[in-house]
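Structure, as C-alpha cells:
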Amino acid sequence: MTGLWVTFEGGDGSGKSTQASLLAEWLGSRGRTVVRTREPGGTEVGALLRQIVLHHRGEVDARAEALLYAADRAQHVATLVRPALARGDVVVQDRYLDSSVAYQGAGRVLGSGEVRDLSLWATGGALPDVTVLLDLDPVVARARLDADDKPFDRLEAETGAFHERVRRGFLDLAAAEPDRFLVLDAALPEDELAGMVRDRIVPLV
C-alpha cells in the first residue's frame with residue numbers, strides 16, 4: 001500500500017487542527033493506518049524546540065527562529081514522516097514548511113525563497129502530496145482565538161499587519177503550486193470543510 005502525506009496550513013485560529021483530526025478519523029474508519037502529527041513538536045526533539053519558538057519569554061532573532069523551525073523539520077521528516085510513508089501509512093500533519101515560508105519568510109520579511117530553500121535542504125526536498133490551506137481573515141481568526149480564552153503564543157500575539165503578511169504568503173504559495181494545494185474558505189461550517197477535504201483525498205486512498 002502506498003503512503004500518503006497530507007498537511008494542513010493556515011493562520012492561527014483557522015481550524016487546521018480540527019480538520020486534520022476529522023480527516024484522520026475518517027481515514028482510520030476506512031482501514032488506513034494514520035500517523036497524526038504536527039510541527040513544531042512532532043518528535044521528542046521537536047517538543048523541546050517548540051517550547052523555544054512558541055513560548056520563550058525573551059527575544060528570539062528572526063533568523064534564529066527560522067533555523068529552529070528548520071531543525072525541528074529535519075528531525076521530524078527523518079525520524080517520523082519518511083518511515084511512516086515507507087510503511088504505507090497516511091501522515092496527516094498540522095503545519096509544514098509552508099508555515100515557515102509564510103510566517104518567517106513573509107511575516108518576518110526574511111524572504112520566502114530563502115526560507116523555503118532552507119526547509120527543503122533540511123528535509124532533503126520532501127514535499128506533501130496534498131496541502132490543505134484554510135484561508136481566513138486575520139480579524140476573524142483573532143476573534144476565534146480570543147473566544148478560546150487561552151494565552152497567546154509568540155506568533156499568535158503578533159500584530160494584525162504581521163498576520164496579514166502571513167495570509168498573503170500562504171495564498172502566494174498556493175497560487176504557485178495549484179496541483180498540491182487545496183484552498184478552502186475557513187469561515188465555512190466545519191462539516192462542509194471536512195467534506196471538501198475528503199473529496200480531494202478520496203482518489204488518493
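The values are calculated or read from the model by the stated rules, or taken from the named source; none is laboratory data. Quantities reported herein were computed from a predicted structural model and do not represent experimental measurements. Methodologically, a virtual Cβ is constructed for each residue, glycine included, from the backbone with ideal geometry; neighbour enumeration extends over all protein chains shown.
Exactly one condition in (1) more than 28 Å from residue 186 (Cβ to Cβ); (2) part of a helix (DSSP H, G or I) is not met by residue 58; state its number.
Going through (1) more than 28 Å from residue 186 (Cβ to Cβ); (2) part of a helix (DSSP H, G or I) one by one, residue 58 breaks only (2).
Confirm whether residue 20 is part of a helix (DSSP H, G or I), without any contact (Cβ under 8 Å) to a residue 60 or more places away in the chain and either of a type in the set (Gly, Ala, Ser) or surrounded by 20 or more Cβ atoms within 10 Å (Cβ to Cβ) (or both).
no
Considering each residue of the stretch 92-138, count those that are part of a strand (DSSP E or B) and among the acidic types (Asp, Glu), and give that number.
2
For residue 47, all conditions in the list (1) of a type in the set (Gly, Ala, Ser); (2) under 24 Å from residue 148 (Cβ atoms); (3) touching a residue at least 40 places away in the same chain (Cβ under 8 Å) hold save one; what is the number of the exception?
Tallying (1) of a type in the set (Gly, Ala, Ser); (2) under 24 Å from residue 148 (Cβ atoms); (3) touching a residue at least 40 places away in the same chain (Cβ under 8 Å), residue 47 fails exactly one: (3).
Against the conditions (1) under 25 Å from residue 161 (Cβ atoms); (2) modelled with pLDDT of 95 or more, where does residue 90 fall short? Just the number, please.
Checking residue 90 against (1) under 25 Å from residue 161 (Cβ atoms); (2) modelled with pLDDT of 95 or more, the one that fails is (1).
Can residue 95 be described as over 22 Å from residue 160 (Cβ atoms) and at pLDDT 90 or above?
Considered against the rule, which asks whether it is over 22 Å from residue 160 (Cβ atoms) and at pLDDT 90 or above, residue 95 comes out as no.
Can you report the number of residues in the stretch 53-86 which are of a type in the set (Val, Ile, Thr), surrounded by fewer than 16 Cβ atoms within 10 Å (Cβ to Cβ) and without any contact (Cβ under 8 Å) to a residue 60 or more places away in the chain?
Qualifying residue count for the region: 1.
Test residue 94 against the criterion of being under 23 Å from residue 198 (Cα atoms) and either aromatic (Phe, Trp, Tyr) or surrounded by fewer than 20 Cβ atoms within 10 Å (Cβ to Cβ) (or both), and give yes or no.
no
If I filter the stretch 120-145 down to residues being within 20 Å of residue 166 (Cα to Cα) and among the charged types (D, E, K, R), which single residue comes out as surrounded by the fewest Cβ atoms within 10 Å (Cβ to Cβ)?
Here the answer is 144.
From 134, 171, grab the single residue that is at pLDDT 95 or above and either farther than 22 Å from residue 40 by Cβ or of a type outside the set (A, V, I, L, M) (or both).
One residue alone meets the criteria, 171.
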